[in-house]
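The values are calculated or read from the model by the stated rules, or taken from the named source; none is laboratory data. The model shown is predicted, which means the values in this text are computed figures rather than measured ones. Every residue, glycine as well, gets a Cβ built from its backbone with ideal geometry; the counts of neighbours run over all protein chains shown. SASA here: full protein model, heavy atoms, side chains in, ligands and nucleic acids out. Shrake-Rupley method; radii C 1.70, N 1.55, O 1.52, S 1.80 Å.
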Amino acid sequence: EIDGWKPKVVKDVPKTTNTLDRWMLARLQETIAEVTEQADNYKIAHAINPIRDLVEDMSNWYIRRSRRRFWKSEDDADKAQAYAVLHYALVKIAQLLAPWAPFASDRVYRELTGDKSVHLTDWPKAAKADQKVLDEMSVIRQIIAEGLKQRADAKIKVRQPLSKITVKGAPDFLKGEEASAIVREELNVKEVALASGKTLEIGLDAKLTDELRAEGLARDIIRQIQELRKKTGLEVDDRITLAMTSDDKLVQVALGRFGNLISQETLATERTDEHFENRIEAKLEDVSISLSLSKV
């Protein structure tokens, strides 16, 4: 609604060059094939489980990973591809759900397409799933899972940036920018270093510099502002004027170095030192900062 995007008639699989889109479409085709096979064999529970797993993957991986594509201000081809793939997947999932959740699936389908009923459509036919992209994303998620485990073991939260992760025995596709970017962003590291090895081994560099600490603090400030936005009742697309003050030197460094990032992530179009009525004192680790905001 915000972008005024209107879906085209859903016929063919959307064309896209984005790796995440290709993975989502491959997961969808894989699920259609599995659900169809199990339903044809009257194995109802086995037919429903793959749909649940697909929705989980779509929500917690595809949509979460695509948020910046959906929210960027420019209306470009990449954004249009993301919308088209998400819409296509949701329509097909509504069709897959139709026998098992007839009312909810019909409501979703009607809202998405404007058609009369999901129950008047043909059962979706599975195209060939791109096994290569499925296998590659599986390796990427395996690396991320191990990196997150090492973060947890070191008691370093994900919002705290780290310098690098070293991956030994990494497949060649990890040299590509898209694959590397997914690992960097999910693990919040500056670099993915690839090294030779016979088996896949992952090592996270947990050493913190002052620069990394300042950026981590900026990420904490962003989280506090987002919470304040929610408490204030702002809409997700509302722009704000933001006030941030602190006597702590590390906070001042964080605001100086990463002020633009904070403004960008919180939709702050203006910054001021004069606080507003809805002021909070946020405690971040062992430092504090005063925060307040006002809708533009």
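Just a few scattered comments:
- Filtered residues of the stretch 1-47 (kept if surrounded by fewer than 10 Cβ atoms within 10 Å (Cβ to Cβ) and aliphatic (A, V, I, L, M)): ILE2, VAL9, ALA45
- Some residue of the stretch 34-42 being assigned to a helix (DSSP H, G or I) and β-branched (Val, Ile, Thr): yes
Yes/no matrix, rows are residues, columns are (1) in a helix (DSSP H, G or I); (2) of a type in the set (Gly, Ala, Ser); (3) open to solvent by less than 50 Å² (accessible area, probe 1.4 Å):
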{"residue": "ASN49", "(1), (2), (3)": "yes, no, no"}
{"residue": "MET58", "(1), (2), (3)": "yes, no, yes"}
{"residue": "TYR88", "(1), (2), (3)": "yes, no, yes"}
{"residue": "TRP100", "(1), (2), (3)": "no, no, no"}
{"residue": "ALA104", "(1), (2), (3)": "yes, yes, no"}
{"residue": "GLU136", "(1), (2), (3)": "yes, no, yes"}
{"residue": "ARG141", "(1), (2), (3)": "yes, no, no"}
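- Within the stretch 241-268, being under 18 Å from LEU208 (Cβ atoms) and either in contact with a Cys (Cβ under 9 Å, 6 or more places away or on another chain) or open to solvent by 60 Å² or more (accessible area, probe 1.4 Å) (or both) holds for LYS249, LEU250, VAL253, ARG257.
- Lone unmet requirement of (1) over 29 Å from VAL253 (Cβ atoms); (2) over 17 Å from the mean Cα position of the chain (by Cα); (3) among the small types (Gly, Ala, Ser) for SER138: (2)
- Of the numbered criteria (1) in contact with a helix residue (DSSP H, G or I) (Cβ under 8 Å, 6 or more places away or on another chain); (2) without any contact (Cβ under 8 Å) to a residue 40 or more places away in the chain; (3) among the polar types (S, T, N, Q), the one SER263 fails is (1).
- Only one of SER59, SER66 that is closer than 22 Å to VAL13 by Cβ, free of Cβ contacts under 8 Å to residues at least 12 places away in the same chain and of a type in the set (Ser, Thr, Tyr): SER59
- Note on the stretch 272-289: residues that are at pLDDT 85 or above, under 17 Å from ARG219 (Cα atoms) and open to solvent by 100 Å² or more (accessible area, probe 1.4 Å) total 1.
- Condition broken by LEU293, with the remaining ones in (1) crowded, with 17+ Cβ neighbours inside 10 Å; (2) within 24 Å of the chain's Cα centre (by Cα); (3) more than 30 Å from GLY169 (Cβ to Cβ); (4) not aromatic (Phe, Trp, Tyr) satisfied: (2)
- Residue pairs whose Cβ atoms lie under 9 Å apart, separated by 6 or more positions or on different chains, with the first residue in the stretch 102-119 and acidic (Asp, Glu) and the second open to solvent by 50 Å² or more (accessible area, probe 1.4 Å), are ASP106/HIS119.
- The sole residue among TYR42, TYR62 that is among the hydroxyl-bearing types (Ser, Thr, Tyr) and over 19 Å from the mean Cα position of the chain (by Cα) is TYR42.
- Among the residues of the stretch 166-189, the ones that are touching a residue at least 24 places away in the same chain (Cβ under 8 Å), surrounded by 18 or more Cβ atoms within 10 Å (Cβ to Cβ), out of contact with any Lys or Arg (no Cβ under 6 Å at 6 or more places or on another chain) and under 23 Å from GLU265 (Cβ atoms) come to 5 in all.
- Residues in the stretch 1-33 that are part of a helix (DSSP H, G or I), among the β-branched types (Val, Ile, Thr) and over 22 Å from the mean Cα position of the chain (by Cα): ILE32 alone.
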